[in-house]
Every structure is written in C-alpha cells, then in structure tokens.
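Data block below; observations after.
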Amino acid sequence: MAHLGTKVVGESPSLKREPLKFSAGKVAAQRRRQHAVTIGKERREAILRTKRLCRDGVVGDNEDQVDAGMILDEEGAALDAQTNETVGELKSALRIQGKDALRKKLEVLRTLRCLLSKSTVPPVETAVQAGVVPLLVECLSFGSPDEQRFGFDKAQHGLKFMFRRISLCSKEELLEAAWCLTNIAAGEAEQTKALLPALPLLVAHLGDRSSVPIAEQCAWALGNVAGEGEELRNILIAQGALPALARMMLSDNGSMARTAAWALSNLIKGPHPWAATELIKINGALDAIIRHMKKADDELATEVAWVVVYLTALSNSATSLLVNSDLVQLLVGRLAASECLQLLIPVLRSIGNLVACDSHVADEVLAAGYGTTVLNASDNVMGALVKCLSSDHRVLKKEAAWVLSNIAAGSLAHKQLIYFSDALPLLLHLLSTAPFDIRKEVAYALGNVCVVQSEGSHQPNLILDHLVSLVDRGCLPGFISLVRSPDLEAARLGLQFLEMVMRGLPNGRGPKLVEREDGIDAMERFQFHENEHLRSMANELVDKYFGEDHGHLDED
C-alpha cells in the first residue's frame, strides 16, 4: 500500500525502496518485521531498557535494614576481592549442615546480592569467573527426594520439568538467589549466556506454587536473558517460558503483571513471528491485554503496549485479533489522553504498525474516536498525532511523523485526510527546522501525500494540487537538503521528490524552481558517486531536465 515506500523506523538498509515505484503490501509487512527486530535500540531513546538491573528488589520488606549494614568499597580491585571472598563463602555455606546452615547461606546470599545490585558498576564478571552461577543454581534447585513435600511432572514443548515444593529451602534464599541471577543476566552477552544452566529452574519458579515475589524476580531474570538476543529467546521458548509468563501477565497484581509483560515483550521481539503468534493464542492473553490497556496505570500500560508493538509488527493473526477487539479504541484513547512519554512511544508504534497493514485496518484506526458523544478533535488519531507533532519531545515528533508517513502511504482518502488536517503545516515546519532523523520521517509523509498508486507504470501518479501546494508553501529546499545528505536513503527520497516536481509542476515551473534552489548542484554530487543506483538516477534527471552538458562540466 506504499508509494514512496511504507516507512518503518529502523529498517535495514538491505530493504531498499525502488525509486518512484509502488511498494507492495508484502514489502510493507517485511519492513514492519524488520522494525521489530531493530526496535530494541530505539527503546533506549524512549528511556526504556532492554535489560534492567534490579537494585531495589520486587518487594518492600526489610531490605533497607539488611543493606544498611553492608559497606561496599567501590574501588575496583577491592570490590573484586570482596566479591571473590563472598563467592568462596557461598561455596562453604552450601557444604555445611545443621540448624545454622540456612541462616549462614542466607547471609552470604544477601551480601552477594548487595555487591551485584548496590555497586555503581556491579562486579558481574568477577562473580561469574569465580563460579557463582552453579552455586546460585544449587540455591534455586528443588532439593533431594527426602527434602520434597510433593512433586509432579509436567511436559512442555517436549521438555520435562520437575516441580517440587520443598520444606528446607526458605523463600528468602530463593528470592536472593533469583535476584543475583537477575543482575548477572543484566550484564554483557557472555555473562548473560553463563545463566544457561539456571534457565529451566527460573522457568519452573514461575509456576503457581511459587510465591509472588519469587515468581516476579524469576520473570525479571528471564526478561534480561530474553533481551540478549534471538538464540537465548529460542532456548527460553523451548523451555516453556512463553505460556508461563503469559499466565503471570493475567494477574491482577500490578507489579507481577508489569514484570511479566516486560519480559514477554523481550521474548517475542523476533525476528521470527512464531512466538508472537503463539502468545495471542494463549487462553486469556488477549483479554489481559485489553483489560490492562483499559484500566491499568501508565507503568503497566506501557509494558503491555510494548507487547502490542511486537504483536502488530510480527504476527498477522495477532493483528487481526487485536483489530477486532477494543484495542484500537483504547490505543487512541491513551494517545489522546496521556502525557506519559514512556507510554506514548509504544502506543504510537502500535498505531503505526496497524495503519501499515492494509487500508481496511487503517480505516478502523482512523475512525477510532469519532464515535464518542463529545466531539473533541484530540480524541481521534489525527488530533492526537497533531498533539505529538507539537510536543517539545523530540522522540514524540519523530514517532508521530513515522505514523503519518504510514497513513500517507495508504489510499487517496488517507492522503487527503493528512492534507486537509492541522498536521500538514506542522510537517512543513519540521521539514525545514527539525533534526535530521525527524526531517527524514517528515519527508516520507509529505512525499507520499503527493502520489497515488499507478497501475502498470513504474512511476506513481501525482496528486497535482497537493504537490503544487506543498512546493508553493516552501517544502522544496527541505527535500534538496536531503539530496545533499550523506544518508543514502534520505538522498534517494530527495531525488524522488525532485523528479516529481520537475515532471509534474505545470508550465515548466519545476526545473526552474529546482535550479533556483541549487538543486542541480545537489544532484551533480552524485556524478561519480559509488552508489550506482543514485548515480544513475541523479545523472538521468540532470540530463533530462537541464541538458547533457550539466552532467559533464568537470570534464571540460
């Protein structure tokens, strides 16, 4: 459904747009999936982290009192020595027997947890090299047969796990061990991979028989592991983490549901759509998403909205179910009413994914908000997007421009909706004043407002009144600046727009305007450019509209 190309923020350079050609819906879907793969980096821009260090714990008990007596030496060598000593003490504590064994083990675990959570730079590598992971796995284990109160087997995805309730292992010990593993998983890639032996136990402790704090802490650890990459995500999925985390997201406990949703958003982020498709099939998952988006506070709604981002980016079946629910109206409502930046980012991403699907889905999204009894322009998508474009937040402007570029890549009615809205003057202003990444998104929106799909032609048909109006309102210098950009995608977009102007403006105005704005000089920078496609495109435009001599001045 795209013309200059349905734009997906963060798309891979390998997914190149064909110049001045209609991009099929299949390509748009590929770009939504690629967007989902690269979105982890974008989340940092939204003050969110793919991996999170747990400093304060998931429960507010007597941790502050416990930590108050802990003195940390932040000097690197001393901190490493303290860490090595503590790991050694944990080895010894696991070997001792008797009534003081559990107390000693818990004391050492708390010391280790403080080292890994309270230090400015946690000594994760030192702890891993000292052999802490197998010790923490032992602390998480369900005990020997004579320690078990009961047991049962459960098969999931072809793997068998043993879930047992034990009497001798305290909840405090399990919580401290899971907390330590959480912060190790928040480290570098190799440190996270060191947790592989712990993954089945972390998944097992998500079960209904675990206390809420322990289950939530284990979910946090698994979220960090899933955030590391596709390989570890696949391992977690094979070990049954997806349905276990989905069940936790159903909870009415806001903290548990929030942690589970965050972990799920890391687990289903792709690049393959299987996990996203399976998640939406889990009994109660869709209802939980709707319920949380309707009633939850901003923090929980933010994490659930990120789940929606990946569902709509990766899974057509999930998107279909979500569109046929109340989700679209809820997303628009959140977008219109919320002032929370962290929430608005994934809401905008979700809406942008939806309008990039097809015209029918885009119509559903654009109609949301108009059925309310109180007519308020900001209660519909366009009004909310105008609010975001007017925001002082750079990220909101960029995301809103991306959503508008996807709307503009739709039907003629969608293009006219933007053209006659309050968004257009804001887009024109941003094209000349905003930072480069925002100008690039804006250029996609404005360019697609001026073209419609043409049957059997390599070139799109121009919407002449739109094109003339935008040029008369001063957009041409902004596109020429993109031609001069070192960003090849932006340069190609600028060249496409110049071709439209020179081809479409009546009475030969186009070439004259381009020449007046130094557009010839901008195009001639590609005369000997290493990119063959851009070189050919720019030279052909110069030769066609200004004569062959313009392309060879330097040879004379």
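The values are calculated or read from the model by the stated rules, or taken from the named source; none is laboratory data. Owing to the predicted nature of the structure, the values given are computational and were not obtained by experimental measurement. Here Cβ is always computed from backbone atoms with ideal geometry, including for glycine, and neighbour counts include all displayed protein chains. Heavy atoms of the whole protein, side chains included, go into the accessibility calculation; ligands, DNA and RNA do not. Shrake-Rupley method; radii C 1.70, N 1.55, O 1.52, S 1.80 Å.
Remarks
- Test: residue in region 477-485 that is under 18 Å from Ala408 (Cα atoms), assigned to a helix (DSSP H, G or I) and either open to solvent by less than 30 Å² (accessible area, probe 1.4 Å) or touching a residue at least 12 places away in the same chain (Cβ under 8 Å) (or both): yes
- Pair list, Cβ < 7 Å and 6+ apart or interchain, from region 281-306 residues that are open to solvent by 40 Å² or more (accessible area, probe 1.4 Å) to residues that are basic (Lys, Arg): Glu299/Arg258
Yes or no, residue by residue, for (1) farther than 28 Å from Arg394 by Cα; (2) part of a helix (DSSP H, G or I); (3) modelled with pLDDT of 95 or more:
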| site | (1), (2), (3) |
| --- | --- |
| Ala246 | yes, yes, yes |
| Ala276 | yes, yes, yes |
| Glu303 | no, yes, yes |
| Tyr310 | no, yes, yes |
| Ser317 | yes, yes, no |
| Ser325 | yes, no, no |
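- Those residues of region 89-114 which are basic (Lys, Arg) and assigned to a helix (DSSP H, G or I), in sequence order: Lys91, Arg95, Arg103, Lys104, Lys105, Arg110, Arg113
- First in region 212-237 and part of a helix (DSSP H, G or I), second anywhere and hydroxyl-bearing (Ser, Thr, Tyr) and buried (at least 24 other Cβ atoms within 10 Å of the Cβ), Cβ under 6 Å, 6 or more apart: Glu216/Thr259; Ala219/Thr259; Trp220/Thr182; Trp220/Thr259; Ala221/Thr182
- Criterion applied to Lys387, Lys398 was being in a helix (DSSP H, G or I), open to solvent by 50 Å² or more (accessible area, probe 1.4 Å) and either modelled with pLDDT of 95 or more or touching a helix residue (DSSP H, G or I) at 6+ places or on another chain (Cβ under 9 Å) (or both), and the one residue passing it is Lys387.
- Number of residues in region 283-321 that are farther than 26 Å from Thr182 by Cα and β-branched (Val, Ile, Thr) equals 3.
- Residue check, Glu230 of a type in the set (Asp, Glu), open to solvent by 10 Å² or more (accessible area, probe 1.4 Å) and in contact with a Gly (Cβ under 9 Å, 6 or more places away or on another chain): yes
- Here Ile289 fulfils each of the conditions (1) farther than 15 Å from Leu321 by Cα; (2) among the hydrophobic types (A, V, I, L, M, F, W, C); (3) in contact with a helix residue (DSSP H, G or I) (Cβ under 8 Å, 6 or more places away or on another chain) apart from (1).
- For region 326-343, taking the residues that are touching a Leu at 6+ places or on another chain (Cβ under 9 Å) and open to solvent by 30 Å² or more (accessible area, probe 1.4 Å), the one that is farthest from Thr302 (Cα to Cα) is identified as Arg334.
- Pairing each residue of region 186-203 that is farther than 24 Å from Ser119 by Cα with any residue that is aromatic (Phe, Trp, Tyr), provided the two are 6+ apart or on different chains, yields C-beta distances under 8 Å for Pro200/Phe161; Leu201/Phe142; Val203/Phe161.
- Residues located in region 411-432, provided they are open to solvent by 10 Å² or more (accessible area, probe 1.4 Å) and under 17 Å from Asn461 (Cβ atoms): Ser411, Leu412, Ala413, Gln416, Tyr419
- Test: residue in region 259-274 that is open to solvent by 20 Å² or more (accessible area, probe 1.4 Å), aliphatic (A, V, I, L, M) and not in a helix (DSSP H, G or I): no
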